[in-house]
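Have a look at the structure below, then the notes.
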């Protein structure tokens, strides 16, 4: 699974990732913090997860709390809040909508 497929994935259908083509085309070149600055919280978290960047994940947690007023215990709470967990190695195909 490519970075952009994971970052802009809107769901899964078995072994297929469903990717938002419009968002990927518009924001696919942005980094983690740039995605967050654009208000794309889920893609920003997914980008940090894909890069395995714990420093960015912690930064995202504190910034998300600052922007939204939410109180999150840890990075795992942020992941659950935006609905991103892990990069699935079993994804075989990508479908674009």
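Anything in segment 1-14 that is without any contact (Cβ under 8 Å) to a residue 40 or more places away in the chain, out of contact with any helix residue (DSSP H, G or I) (no Cβ under 9 Å at 6 or more places or on another chain) and either assigned to a loop (DSSP other than H, G, I, E, B) or surrounded by 13 or more Cβ atoms within 10 Å (Cβ to Cβ) (or both)? List them, or say none. Within segment 1-14, 14 is the sole residue that qualifies. If we scan segment 46-67, do we find a residue that is modelled with pLDDT of 95 or more and touching a strand residue (DSSP E or B) at 6+ places or on another chain (Cβ under 9 Å)? Yes: segment 46-67 contains one or more residues that are modelled with pLDDT of 95 or more and touching a strand residue (DSSP E or B) at 6+ places or on another chain (Cβ under 9 Å). The set of residues in segment 39-59 being surrounded by fewer than 13 Cβ atoms within 10 Å (Cβ to Cβ) and either in contact with a helix residue (DSSP H, G or I) (Cβ under 8 Å, 6 or more places away or on another chain) or under 26 Å from residue 90 (Cβ atoms) (or both) consists of 52, 54.
The values are calculated or read from the model by the stated rules, or taken from the named source; none is laboratory data. These numbers come from a predicted model, not from an experiment. Cβ atoms come from the backbone with ideal geometry, glycine included; neighbour counts cover every protein chain shown.
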